1. What is the distance in Å between the Cα centroid of segment A:1-56 and that of segment B:1-74?
2. By counting other Cβ atoms within 10 Å of each Cβ, how are B:75, A:85, A:69, B:58 ranked from fewest to most?
3. Roughly what would the spin-label model give for residue B:83 and residue B:10, points 7 Å off Cα along C-beta, in nm?
């Protein structure tokens with residue numbers, strides 16, 4: 001059972017544009033939602049994370065929007081740069097546990 | 001401070017052989033997690049260990065797979081009698097403590113071991 005669904009699978013955006021990736025979860029016990037960035041041949045690296053008591057969190061060019069009632073959250077990459085080209089994963093976990101449930105990933109390509 | 005170290009980076013095994021994947025957590029980290037990533041898919045949780053204890057192995061296949069984190073030395077993920085379907089990237093992550101609190105910023109991934117079964 002896939003508990004975190006991510007879309008789109010891939011995304012092409014022009015330099016300076018906005019990349020938007022969406023995730024939906026099923027398990028209402030989840031209360032921590034991180035986003036990871038992964039480059040080829042590397043492990044995932046934490047980008048930004050949010051808890052459901054806030055609706056938005058911004059760090060630099062990266063913003064998470066969270067809709068608790070819809071059980072959805074999204075990542076916005078503003079002013080996308082070629083160096084942002086990577087695969088992005090959303091994830092979720094319960095407060096009491098540490099295992100992360102990942103979405104299927106979105107491959108982002110930023111064209112110069 | 002070296003990050004999470006995994007070795008080997010690449011491992012090729014013939015069907016029926018054993019694969020041993022090693023993970024050395026970051027200094028000061030006593031919790032280790034193993035994930036598997038199939039091609040073009042997200043990571044799937046396998047097992048969570050502390051020193052000498054398996055805390056959660058709900059993601060481990062029932063047969064052929066085992067994991068340990070001894071008092072001394074790295075954590076080991078062992079796959080016996082490998083099959084082609086075991087080909088994947090295996091990632092290890094570590095944290096300094098149970099991170100069920102406000103943030104998981106102590107949860108760091110290694111660069112993975114890419115297992116190919118021929």
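1. 24
2. Numbers: B:75 24, A:85 18, A:69 5, B:58 10.
Fewest-to-most Cβ neighbours within 10 Å comes out as A:69, B:58, A:85, B:75.
3. 2.6
Since every read-out is calculated from the coordinates, none of them should be taken as a lab result. Fair warning: this is a prediction, and the values are worked out from it, not measured in the lab. We place every Cβ from the backbone using ideal geometry, glycine too, and count neighbours over all the protein chains shown.
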